[in-house]
Amino acid sequence: MDKYYLTSRGSFEQFLVSRLTESTIYAPFRRLNVLDYERVNEENVKNIALHEPLPATPLKTFFLPIRKNVTLDVNGSLPAIILGVPACDLAALDLLDAVYLDPAFPDDLYRKQREQTILIGTDCHSHLKHCHCTIYNINPFPERNCDLVLSGYQSDVFIRILSDKGQKLLKDMCSRIPVQEAKAGDLETVKLKRMAVRDDITRQNQGLPDLKHTSTLLKQSEYWLWKKYASTCVGCGACAAICPTCTCFLLLDRPEFEKVRQLDTCQYPDFQRVAAGEDPLSPLTVRFRNRYLCKYVWRPERYKVSACTGCGRCIDACPGNISKNELLTELNTGEVKISQHA
């Protein structure tokens, strides 16, 4: 089996407090029934919400904020530790790294932030209504793209190392708090919980096509489907802002040769407007369809990775109550085609 280490929740919290002068630490907290990241301090460390789905803010926002002056260097800032990252957000790094760490056009600011950040993933002990990660071959527990994995049960914290940075952090942890190697029998409850959550997510998404089949269906889709689901779209771009893999941006020039990178999305009017006012994505229905084709056809073909990780945030954030899952399930099952040519 993979080697796991064991410590108590109280000891782990003690370790986090001891690192506050060396690292800026972020973790999920529940406030007014919303789970999101906040900076950890001595007062709130005991309130960290481990193993709950799903932080409202995707992981990408730490590396690609909505608006960022890219001429400012990140050197000199404290290294960051981001704790409680779910597997769906970690899987999104497959695409973000492919885009921003492309050897031909690497983004130095993104690279430096990735190098200076330690990612600690955590298992999901439950799931939300729109979670569908398992349909896209992503388990609700971290398996890649992080440095350590935490798998807790009650007062125990099980730790697995996935990188050299994780190995270094665990070594530092062992010098500050009691840590021991976990035995195989200690992990049975963790394994059972993982399998139960995985099976529940798969069960609640019966009828939703996998990535390969989704790509095929979208290529064959007809205009009536997009007209139907785009009827309540307002082009606000919330789905792209909250998506862990959407990467489009504008680069804005400012005085003194400063440049600002700002989130952009194909859902905004004028996204593809060019000289003389030509705009191939001017109709809202076309823009709406474009995002699906980008995520399920063009990005996977270009980068050989998934551009959707099944987090379901786009469904939760949509003011038009548009469900991507309902659209793809209808396309897959061929049901509810009433007034399809209206």
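No lab work stands behind these numbers, since they all come straight from the coordinates. What you see is a predicted model; the values in this text were computed from it and never measured. Methodologically, a virtual Cβ is constructed for each residue, glycine included, from the backbone with ideal geometry; neighbour enumeration extends over all protein chains shown.
Farthest towards the positive end of the charge dipole of the chain, among the residues LEU101, THR329, LEU148, is the Cα of THR329, using unit charges on the Cβ of Lys, Arg, Asp and Glu. Centroid-to-centroid, using Cα positions, the stretch 140-183 and the stretch 231-296 are 39 Å apart. Pair-distance distribution P(r) for the stretch 211-333, from all Cα-Cα distances in 5 Å bins starting at 0: 2, 10, 19, 23, 21, 13, 6, 4, 2, 1, 0, 0 percent.
Between LEU208, HIS132, LEU263, the Cα set farthest toward the positive side of the dipole of the chain (charges on each charged residue's Cβ, about the Cα centre) is that of LEU208.
Measuring between their Cα centroids, the stretch 1-28 and the stretch 45-114 lie 19 Å from each other. The alpha-carbon atoms of the stretch 243-315, seen along their principal axes, cover 41, 28, 25 angstrom, with the largest extent given first. In this Cβ point-charge picture (+1 for Lys and Arg, -1 for Asp and Glu), the stretch 266-307 has a dipole of about 300 debye about its Cα centre.
Rounded if a/c is under 1.5, else prolate if a/b beats b/c, else oblate: with a ≥ b ≥ c from the C-alpha gyration tensor eigenvalues square-rooted, which is the stretch 4-204? The shape class here is oblate.
For the Cα trace of the stretch 8-67, dividing Rg by the Kirkwood Rh returns an Rg/Rh value of 0.99. Label zone of LEU78 (point 7 Å out along Cα→Cβ, amide N under 19 Å): in the stretch 115-150 this covers 115-120. A DSSP coil position with no more than 14 other Cβ atoms inside 10 Å describes the following trypsin sites (Lys or Arg not before Pro) in the stretch 143-187: ARG144, ARG176, LYS183. Between LEU211 and GLU188, the contour length at 0.36 nm per residue exceeds the alpha carbon distance by 5.2 nm.
Any chance you could give the angle, 0 to 90 degrees and rounded to 10, that helix 164-174 forms with the longest Cα principal axis of the chain? It works out to around 40 degrees.
Taking the Cα centre of the stretch 147-265 as origin and charging only Cβ (+1 Lys, Arg; -1 Asp, Glu), how large is the dipole, in debye to the nearest 20?
So the dipole magnitude of the stretch 147-265 works out to roughly 220 debye.
Relative to the longest principal axis of the C-alpha atoms of the chain, give the angle of the C-alpha long axis of helix 87-100, reported between 0 and 90° and rounded to the nearest 10°. The angle comes out near 70 degrees. Among the listed pairs LYS219/LYS304; LYS68/LYS165; LYS46/LYS68; LYS68/LYS259; LYS165/LYS304; LYS227/LYS324, a Cα-Cα separation exceeding 20 Å is found for LYS68/LYS165; LYS46/LYS68; LYS165/LYS304. Mean residue ellipticity, 222 nm, helices only, the chain: the sum of -39500 (n - 2.57) across DSSP H runs of n ≥ 4, divided by residue count and rounded to 500, is -9500 deg cm²/dmol.
Nearest 20 debye, what's the magnitude of the dipole of the stretch 211-333 about its Cα centre given +1 on Lys and Arg Cβ and -1 on Asp and Glu Cβ?
400 debye
Build a GNM of the chain with springs between Cα atoms under 10 Å apart, and of ASP94, ASP279, ASP316 the one that fluctuates most is ASP279. Rounded to the nearest 5, the antiparallel percentage of DSSP beta bridges internal to the stretch 4-204 is 65%.
Nearest 10 degrees is fine. How inclined is helix 9-18 to the longest principal axis of the chain, computing both from alpha carbons? The helix 9-18 is inclined about 90 degrees to the chain. Going from the fewest other Cβ atoms within 10 Å to the most, the residues ASP2, ASP199, ASP147, ASP186 appear in the order ASP2, ASP199, ASP186, ASP147.
Beta bridges from DSSP with both residues in the chain: antiparallel share about 70 percent, rounded to the nearest 5.
How much of the calculated P(r) for the stretch 110-175 lies past 17 Å, in percent of all Cα pairs? Summing the P(r) tail past 17 Å for the stretch 110-175 gives 52 percent. Summarising the overall dimensions of the chain from its C-alpha atoms, the Rg and Dmax are 21.4, 69 angstrom. The trypsin sites (Lys or Arg not before Pro) of the stretch 194-293 include none that DSSP puts in a loop with a beta carbon having at most 10 other beta carbons within 10 Å.
For the stretch 147-225, which GluC sites (Glu not before Pro) are both in a DSSP coil and crowded by at most 13 other Cβ atoms within 10 Å?
Answer by residue number: GLU222.
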